[in-house]
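Since the structure comes first, as structure tokens, the remarks are kept for the end.
The values are calculated or read from the model by the stated rules, or taken from the named source; none is laboratory data. Because the structure is predicted, anything quoted here is derived from the model rather than measured. Here the Cβ is made from the backbone with ideal geometry for all residues, glycine too, and neighbour counts use every protein chain on show. Note: accessible area is taken over every heavy atom of the protein model, side chains too, but ligands, DNA and RNA are not part of it. Shrake-Rupley method; radii C 1.70, N 1.55, O 1.52, S 1.80 Å.
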Amino acid sequence: MGTFVVLLLSLFGVSSVVADSLAPPVNVSIRDLKANSAAVTWDIPDADPVIGFAITQQKKDVRMLRFIQEVNTTTRSCALWDLEADTDYIVHVQSISVHGTSPPSEPLRFRTPKESERQASKGKDEVTMEEVGQTTQLRAGELIIIVVVLIMWAGVIALFCRQYDIIKDNEPNNNKDKAKNSSECSTPEHPTGGLLRSKV
């Protein structure tokens, strides 16, 4: 894995050892251009013993620049991040060998699009993977809520039915208890059908 170093340096503060035999990268181009990011790609002549690359990224008419360097890699591309929308940039790429760095490539100028242009460029039917993920998460959340509500309703209905059955079961017992209590309070009858009388 290459050592990745990012430094913000002054345009006039960058110094490097130049290897005379190392040719600068060719076919430098920009791809995946977005409002806040892009990727720069390049080719290296086959004969050059390249062990890494160095990229200088500068906003047009601004003296500060970003310097990106990576060694022990055969990568031929690099992501540019933290860009500003609707801004002009200039990029140079240099090859790195064990003897030093090559001269910089021809300057590559590009302009990041506006945020509104990026949004407008998407078709009405075009859906990004990020939007698909958000929609899936939203639907999963909705399904969970619906299932929880249905389970709660089922529990409430089951509890109501159980209580209703208990109430219905107790009603005949209450009527029997009332009838029994009323019969116990009545005057006892003699087995022969007459009333008991006390002797005088």
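Out of region 59-76, which residues are open to solvent by 30 Å² or more (accessible area, probe 1.4 Å) and among the polar types (S, T, N, Q)? Q69, N72, T74, T75, listed by residue number. Of the residues that sit in region 77-125 and are loosely packed, with under 12 Cβ neighbours inside 10 Å and among the polar types (S, T, N, Q), which one is modelled with the highest pLDDT? Result: S116.
Selection within region 44-70: residues that are more than 32 Å from the chain's Cα centre (by Cα) and among the β-branched types (V, I, T). The member of this set that is nearest to K114 (Cα to Cα) is V62.
The residues in region 18-49 that are in a loop (DSSP other than H, G, I, E, B), under 19 Å from L80 (Cα atoms) and open to solvent by 50 Å² or more (accessible area, probe 1.4 Å) can be counted, and the count is 4.
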